[in-house]
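The values are calculated or read from the model by the stated rules, or taken from the named source; none is laboratory data. Nothing here was measured: the structure is a model prediction, and the numbers come from that model. Cβ placement follows ideal geometry from the backbone for every residue including glycine, while neighbour counts extend to all protein chains displayed. SASA here: full protein model, heavy atoms, side chains in, ligands and nucleic acids out. Shrake-Rupley method; radii C 1.70, N 1.55, O 1.52, S 1.80 Å.
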Amino acid sequence: MRITGSITALATPFTAAGEVDLDGWRRLLQLQLDGGTQGVVVAGSTGEAASLYDAEYDLLLRSAVEFIAGRIPVLAGTGLSNTAKTIEQTRRAAALGADAALVVTPPYVRPTQEGLVAHYRAVADDGAIPVVLYNVPGRTGCDMLPDTVAVLAGHARIVGIKEARNDAERMAALLPLRDESFSVLSGDDPTAARAMLAGADGLVSVASNVLPRAFRRLCDLARAGKRADADALDARLHPSCDFMGIESNPIPLKAVLSRMGIGRGLRLPLTMLSPAHAELAERIVADIHQIEQSCRDAIAA
């Protein structure tokens, strides 16, 4: 399996009562398919995986697999703080039809680099589905170093990495590991164009939940080496990307989605967007509609 292009880390829509909003979920999935998204992640951190019950995880993943029906890859977030539980969750995702597992470095426990190698080898050796590594030290407290990734990249069941550190030096250290069986993906929307222009295979995006056409076009332009066009589109996307980080993810994203009629809230300890940012949210929604329309027009032309 080769994971490339514009991949969306899906939010999980909830109703006002706090239940999973299946109608909103299907509309979000359709929005991605219509926008040309090339893969989706179910139950990642953007999907509030830590707040989902097992039955909800199963429902979301099963319904996504059924709805997408093989048109694009469905990745499932399966990374937990314990190796045995991560293996169990990855088996669960495989049984529900996921194409691959996105496995974050074990949160909170802060393993050594040696521990990371042992952890990922154990998950991959179990062989349930292909594994994509995920490094996001700002959330986990653990940074998987490029030398560690190099050790793991040769494993037949480890097919890529989502690297969420935003420094160019980190991406430069990972790009030589790319080959036909191992993809390097950006996990940082604001620097994804730079990463792809340097050779990255794509990105796993938060903002593409609401900007699927724009991020697909950004990926196409950057991966084709069309620097001027990619930089111009990237500049238009920066206000939206910056807004997505104004409070903890996915609070700003869900504020935008709710204004688009998809979902109504979050689960504690996450709270709704601060009223101080409400006016900006309205402006961002208007800008998103304009950007998506311009990308639709550009593709049609």
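Numbers for the structure displayed
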read-out: Residue list for segment 193-217, restricted to those being touching an Asp or Glu at 6+ places or on another chain (Cβ under 9 Å), in a helix (DSSP H, G or I) and within 22 Å of ASP179 (Cα to Cα); value: ALA193, ARG194, ALA195, LEU197
read-out: Contacts under 7 angstrom Cβ, first residue in segment 19-35 being touching a residue at least 12 places away in the same chain (Cβ under 8 Å) and in a helix (DSSP H, G or I), partner among the hydrophobic types (A, V, I, L, M, F, W, C) and open to solvent by 40 Å² or more (accessible area, probe 1.4 Å), 6 or more apart; value: ARG26/PHE67; LEU29/PHE67
read-out: Residue match in segment 270-280 (condition: small (Gly, Ala, Ser) and in contact with a helix residue (DSSP H, G or I) (Cβ under 7 Å, 6 or more places away or on another chain)); value: no
read-out: Residue that is surrounded by the most Cβ atoms within 10 Å (Cβ to Cβ) [pool: residues in segment 110-129 that are aliphatic (A, V, I, L, M) and modelled with pLDDT of 95 or more]; value: VAL123
read-out: Test for LEU237: is it touching a Ser or Thr at 6+ places or on another chain (Cβ under 6 Å) and either open to solvent by less than 60 Å² (accessible area, probe 1.4 Å) or in a helix (DSSP H, G or I) (or both); value: no
read-out: Residue that is surrounded by the most Cβ atoms within 10 Å (Cβ to Cβ), among those in segment 156-190 that are among the polar types (S, T, N, Q) and closer than 17 Å to GLY5 by Cβ; value: SER186
read-out: Residue within segment 36-50 that is in contact with a Lys or Arg (Cβ under 7 Å, 6 or more places away or on another chain), at negative phi, surrounded by fewer than 22 Cβ atoms within 10 Å (Cβ to Cβ) and not in a loop (DSSP other than H, G, I, E, B) present; value: no
read-out: Matching option when the condition is of a type in the set (A, V, I, L, M, F, W, C), open to solvent by less than 70 Å² (accessible area, probe 1.4 Å) and farther than 27 Å from GLY18 by Cβ, among ALA200, ALA207, ALA278; value: ALA200
read-out: Scan of segment 1-21 for residues that are of a type outside the set (Gly, Ala, Ser) and farther than 20 Å from PRO73 by Cα, ordered by number; value: PRO13, PHE14, THR15, GLU19, VAL20, ASP21
read-out: Subset of segment 67-80 [over 18 Å from VAL159 (Cα atoms) and open to solvent by less than 60 Å² (accessible area, probe 1.4 Å)]; value: PHE67, ILE68
read-out: Selection within segment 54-80 - outside any helix (DSSP H, G or I) and either within 25 Å of ALA122 (Cα to Cα) or touching a residue at least 60 places away in the same chain (Cβ under 8 Å) (or both); value: PRO73, VAL74, LEU75, ALA76, GLY77, THR78, GLY79, LEU80
read-out: Qualifying residue in segment 87-105 (condition: more than 29 Å from LEU33 (Cα to Cα), assigned to a helix (DSSP H, G or I), in contact (Cβ under 8 Å) with a residue 24 or more places away in the chain and not charged (D, E, K, R)); value: yes
